[in-house]
Amino acid sequence: MAGPTSTALIHIKKESVVVEAEDLQPHEQRDESDKGKEEKFRELSTRQKLLAIVRYSVKPFSDRLDPFAALPVNLDRLQEHLVSFYLLYYPKATYGFSSRLRPHPVASNFSIALTTPACFQVILARSALYRIGLNKYASEREKDELNMAVMRHKGEALKMLRVLSTKASPNRKDDLLASIISLGTFDRRTGAKDAAGMHYSTVRRILKSTGGPLAVGSVLLSRVMCFFECIYGTSPESYIWDESDLDRLVKGLNGFLFGLWELWKSLSTISGLTAVTSKTAGPPRIHSFGLQLDSSLLSLVERRPPLDAELTQQGRLEMIFQVTCLLTFGMVTLDKAGDFRSLQEYMDGVHKQVDDLHLTGQSCNNVMWQIQVNDHSAEHSKRIWKAASYAWVLKHVSYNVQVSVKEWLLAFFKGEPVTEKQFRLDPFHFSYAN
């Protein structure tokens with residue numbers, strides 16, 4: 001080996017490659033450093049060892065991450081780390097999404113960000129923000145880097161949004177909506193309610209002046225908008241609807257429940273006229289197209305916390321997910337009521353999807369995503385947006401009222417005898433007394 005100030009020539013396939021000698025450590029020195037690292041690792045507590053292993057396992061993989069230079073920015077090492085963390089670990093840690101979902105909601109959101117640079121910057125800021133909460137044992141330098149990343153990427157997103165808003169054409173409306181929604185949801189997660197409210201108000205004005213959410217050009221963006229509108233919190237805060245829409249939507253929800261009740265009565269009458277004597281205990285099912293008994297799908301939408309358990313935020317969120325799924329099934333049922341074979345095929349397909357994806361025991365938001373994206377037709381877009389709007393109405397009422405609506409819908413889909421009257425939302429349900 002040459003001296004410490006010289007360079008060494010290594011001949012590979014008759015080509016000379018210059019390698020700085022200072023980069024090559026002596027074998028003994030490398031062994032000593034490795035031994036020192038092993039000794040330090042042994043001295044760590046069990047929790048610190050686990051964190052060290054996790055930190056090592058999420059190292060960037062830029063060659064696999066962006067082999068065709070498709071990302072809208074040139075990534076440095078920290079940004080590579082943030083993107084890989086967002087794609088691999090963020091979905092399960094934050095939302096409880098199953099990795100088996102195809103398409104995946106986070107991957108779908110990321111694909112939108114590939115053509116919308118402001119959304120991509122928000123993804124980097126969101127990933128850095130979440131990493132700050134996880135890095136309990138990180139050094140001050142690492143924490144400062146992540147804090148700077150949050151501010152830098154949010155600032156870049158705001159700058160890109162200003163440029164887009166001043167030069168936007170009707171063809172770029174979807175990009176503008178996606179950028180504003182991304183910033184609004186990020187501000188909401190960081191606790192900046194005023195900033196989030198400003199972004200949400202802007203989105204609502206754009207939608208109302210351009211034909212509403214059904215006028216969004218991209219089917220993928222429409223599905224992602226609808227899904228994240230449903231899963232973000234239990235409060236009525238929304239980037240689609242505001243209080244001026246409430247009376248209209250309450251009236252629409254009551255009309256939908258009445259239509260379902262009318263169908264329920266008809267099915268009950270037909271079942272009573274054509275029923276044969278059953279040897280099984282209990283009343284016979286009045287139809288077969290609903291939720292199959294003992295199925296994974298039924299267990300997901302009817303699951304509820306124990307009566308003596310304290311109600312948690314996750315429990316409230318699960319209720320919203322379950323009611324949204326049942327409302328969507330109700331929309332499909334009324335639309336296909338004239339063709340029971342088609343309705344049966346649809347419900348059988350949903351049951352099969354849940355079984356194939358092994359979603360038993362997981363969050364119901366996985367089912368909600370699947371039933372929103374399994375049909376790209378305009379008719380299905382109307383169903384899922386209407387169901388989402390009615391679920392938003394139910395965010396204004398108490399948890400007990402939500403349970404009552406859910407149980408009423410479950411009774412219909414399990415083929416139980418018709419109730420004496422439809423469920424109807426009245427002003428009392430929205431009062432503090434309730």
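The values are calculated or read from the model by the stated rules, or taken from the named source; none is laboratory data. Bear in mind the structure is a predicted one, so any value in this text is a computation, not a measurement. Virtual Cβ from ideal backbone geometry, glycine too; neighbours counted across all protein chains shown.
Here are the numbers for the structure shown:
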| quantity | calculated |
| --- | --- |
| Close pairs (8 angstrom Cβ cut-off, 6 or more residues apart or separate chains): under 14 Å from Lys208 (Cα atoms) in region 235-250, crowded, with 16+ Cβ neighbours inside 10 Å and acidic (Asp, Glu) anywhere | Ser238/Glu229; Tyr239/Glu229; Ile240/Glu229 |
| Exclusive hit being of a type in the set (Ser, Thr, Tyr), at pLDDT below 90 and in a helix (DSSP H, G or I), set Thr202, Thr166 | Thr166 |
| Residue tally, condition assigned to a loop (DSSP other than H, G, I, E, B), closer than 21 Å to His429 by Cα and of a type in the set (Ser, Thr, Tyr), over region 215-267 | 3 |
| Condition check for Lys159: surrounded by 14 or more Cβ atoms within 10 Å (Cβ to Cβ), of a type in the set (D, E, K, R) and either assigned by the TED database to the domain that holds Leu220 or assigned to a helix (DSSP H, G or I) (or both) | no |
| Candidates Ala178, Ala196, Ala192, filtered to the one that is surrounded by 14 or more Cβ atoms within 10 Å (Cβ to Cβ), out of contact with any strand residue (DSSP E or B) (no Cβ under 9 Å at 6 or more places or on another chain) and without any contact (Cβ under 8 Å) to a residue 24 or more places away in the chain | Ala192 |
| In region 398-434, the residues that are among the hydroxyl-bearing types (Ser, Thr, Tyr) and closer than 24 Å to Ser235 by Cα | Ser398, Tyr399, Ser404, Ser431, Tyr432 |
| Lone unmet requirement of (1) over 23 Å from the mean Cα position of the chain (by Cα); (2) surrounded by 15 or more Cβ atoms within 10 Å (Cβ to Cβ); (3) not acidic (Asp, Glu) for Asn147 | (2) |
| So Thr328, is it under 15 Å from Trp408 (Cα atoms) and modelled with pLDDT of 90 or more | yes |
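Conditions tested, residue by residue: (1) over 18 Å from Tyr86 (Cβ atoms); (2) touching a helix residue (DSSP H, G or I) at 6+ places or on another chain (Cβ under 7 Å).
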position: Ile132; (1), (2): no, yes
position: Thr166; (1), (2): yes, no
position: Pro213; (1), (2): yes, yes
position: Gly217; (1), (2): yes, yes
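Residues are listed down the side, and each one gets a yes or a no for (1) free of Cβ contacts under 8 Å to residues at least 60 places away in the same chain; (2) surrounded by fewer than 18 Cβ atoms within 10 Å (Cβ to Cβ); (3) over 23 Å from Lys352 (Cα atoms); (4) in contact with a Leu (Cβ under 8 Å, 6 or more places away or on another chain):
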{"position": "Tyr89", "(1), (2), (3), (4)": "yes, yes, yes, no"}
{"position": "Leu101", "(1), (2), (3), (4)": "no, no, no, yes"}
{"position": "Pro105", "(1), (2), (3), (4)": "no, no, no, no"}
{"position": "Ala118", "(1), (2), (3), (4)": "no, no, yes, yes"}
